[in-house]
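K.L.:
Please read through the structure below; I'll follow up with questions.
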């Protein structure tokens, strides 16, 4: 259109053509429709209402194809028909796969016909933070860590399907999703789950009395297997943990297979080494608003640490390590970019949360309060201010949000302020806490108050790496941008790919939200 305006404007011919030439009118209409599609697909506009975005996108794209078909001469209309044919072919294949995946008739060996015509039933459980856990037992398809599916529950949210990351592994023999309640369909799912459970704030509430039929489409998405890297840094912000936890568990499953194979009495000792993980070190950082959100993946994190300790006890030469850190910020958006120095002598005071070890939550004074008829647990933690010049204006006991960058290495500094938030009625760790014998100190989960410093965290992992490293982040835009900048700076600092022999750094950024 730029060339068209330039060539015709010099003869003052644009207005005449738009008024008198039908082909020009139709071409200009197609361009206007395409421009509207591009503008309406921008992130801020798209997030106003995902359902409206999808509907208008499909309608306007059909209008664009129609306008183009009317615009072009008959001798080249075949190219428009090819485009229409590709769209129809795409929809036909997708609907065929959806029918095959969700109809019990195509899976007779699983005994699903006894449960009804449709193959998948889901249970919905409310979790702290307005999150719904959706569990689908024995799905009819396989998937890989990091993939997502489109889920529809027409009995609760008619004529809508939404993409959700699969937070479980195929070995679990079930699909698990964590869905944050927003406006629209996700909010209705949470409302239904809340009505069918007696206690909203209890993460261990029993399953719903009845399940709902759901329809699944997928899985979609792909990324490089992380088992091929020597060191892996996983960073998640809030709900981004749903993408990160399966990647963590997949690597640990490779460790477990290797450990089992090399056990003298094992029947797996003849399996090929290609099935196992080359990864030696894993660094997981999870940034959350409050302690209550730890309950989302507490069993999985406990299981990972226990599996590692089991392998270390079975083999004295098992040199794999996992370091888990949870940051409490009271700020879900993470849009304010943390300011970090390029100097290695960065000195931001740290605030550790006393009494929390491996999600056990010991030595905390819990106070239950009532809000909207729901029992909510508030944790009272000792607080004191730091004279640091970047200190916030919070006062002890006011429940302020500690959203300032902290340095894990400087663990002798006084805490800046406490970040208290809602928690489940029981202390963190609904199951019995791990004993010291089960979980030794180097592999406990370290809770900190504030925001992480991605550059220092990634630099430490790179310094310990003996081969290539991978950095994976899933979270709000602020956190993702910080990780991007940190990887670029550290890659340049180490002169990666510049003849120095420094090992490469693989970066994967998973988009947060739709």
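The values are calculated or read from the model by the stated rules, or taken from the named source; none is laboratory data. Given the structure is predicted, the values throughout are model-derived calculations rather than measurements. When we count neighbours, we look across all protein chains shown, and the Cβ atoms used for this are built from the backbone with ideal geometry, even at glycine.
K.L.:
Of the residues that make up the stretch 428-441, is at least one more than 30 Å from residue 47 (Cα to Cα), in contact with a helix residue (DSSP H, G or I) (Cβ under 8 Å, 6 or more places away or on another chain), modelled with pLDDT of 90 or more and crowded, with 23+ Cβ neighbours inside 10 Å?
P.N.:
no
K.L.:
Do we find that residue 125 is outside the structural domain of residue 241 (by TED's automatic domain parsing) and closer than 26 Å to residue 65 by Cβ in this structure?
P.N.:
Judged against the criteria, residue 125 is not a match.
K.L.:
Collect the residues in the stretch 1-46 that are out of contact with any helix residue (DSSP H, G or I) (no Cβ under 8 Å at 6 or more places or on another chain) and not in a helix (DSSP H, G or I), keeping them in residue-number order.
P.N.:
The answer is 10, 11, 12, 13, 21, 42.
K.L.:
Tell me which of these residue 81 doesn't satisfy, since it passes every other one: (1) at pLDDT below 90; (2) surrounded by fewer than 15 Cβ atoms within 10 Å (Cβ to Cβ).
P.N.:
Looking at each condition in turn, residue 81 falls short on (1).
K.L.:
On to the next question. Give me the residue from the stretch 49-73 that is under 19 Å from residue 185 (Cβ atoms) and out of contact with any helix residue (DSSP H, G or I) (no Cβ under 8 Å at 6 or more places or on another chain) and, out of that set, surrounded by the most Cβ atoms within 10 Å (Cβ to Cβ).
P.N.:
50
K.L.:
Looking at the structure I just gave you, is residue 473 assigned to a strand (DSSP E or B), at pLDDT 90 or above and under 14 Å from residue 452 (Cβ atoms)?
P.N.:
Answer is yes for this residue.
K.L.:
Any idea which residue in the stretch 469-501 is farthest from residue 44 (Cα to Cα), counting only those that are out of contact with any helix residue (DSSP H, G or I) (no Cβ under 8 Å at 6 or more places or on another chain) and surrounded by 16 or more Cβ atoms within 10 Å (Cβ to Cβ)?
P.N.:
Checking each candidate, the answer is 496.
K.L.:
Could you tell me whether any residue of the stretch 454-463 is in a strand (DSSP E or B), in contact with a helix residue (DSSP H, G or I) (Cβ under 7 Å, 6 or more places away or on another chain) and within 22 Å of residue 277 (Cα to Cα)?
P.N.:
No: the stretch 454-463 contains no residue that is in a strand (DSSP E or B), in contact with a helix residue (DSSP H, G or I) (Cβ under 7 Å, 6 or more places away or on another chain) and within 22 Å of residue 277 (Cα to Cα).
K.L.:
Look at residue 315 and say whether it is more than 21 Å from residue 467 (Cα to Cα), surrounded by fewer than 20 Cβ atoms within 10 Å (Cβ to Cβ), modelled with pLDDT under 90 and in contact with a helix residue (DSSP H, G or I) (Cβ under 7 Å, 6 or more places away or on another chain).
P.N.:
Yes.
Residue-wise test of (1) outside any helix (DSSP H, G or I); (2) touching a residue at least 24 places away in the same chain (Cβ under 8 Å).
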residue: 52; (1), (2): no, no
residue: 58; (1), (2): no, no
residue: 77; (1), (2): no, no
residue: 92; (1), (2): no, no
residue: 98; (1), (2): no, yes
residue: 129; (1), (2): yes, yes
residue: 142; (1), (2): yes, yes
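K.L.:
Check residue 181 against each of (1) closer than 21 Å to residue 102 by Cβ; (2) at pLDDT below 95; (3) surrounded by 15 or more Cβ atoms within 10 Å (Cβ to Cβ) and name the one condition it does not meet.
P.N.:
For residue 181, the failing item is (1).
K.L.:
Can you tell me which of 15, 6, 94, 46 is surrounded by fewer than 14 Cβ atoms within 10 Å (Cβ to Cβ) and either within 36 Å of the chain's Cα centre (by Cα) or modelled with pLDDT of 90 or more (or both)?
P.N.:
When all the criteria are applied, what remains is 94.
K.L.:
In addition: Output the residue which, of all residues in the stretch 153-170 that are in a strand (DSSP E or B) and buried (at least 20 other Cβ atoms within 10 Å of the Cβ), is farthest from the chain's Cα centre (by Cα).
P.N.:
Selected residue: 162.
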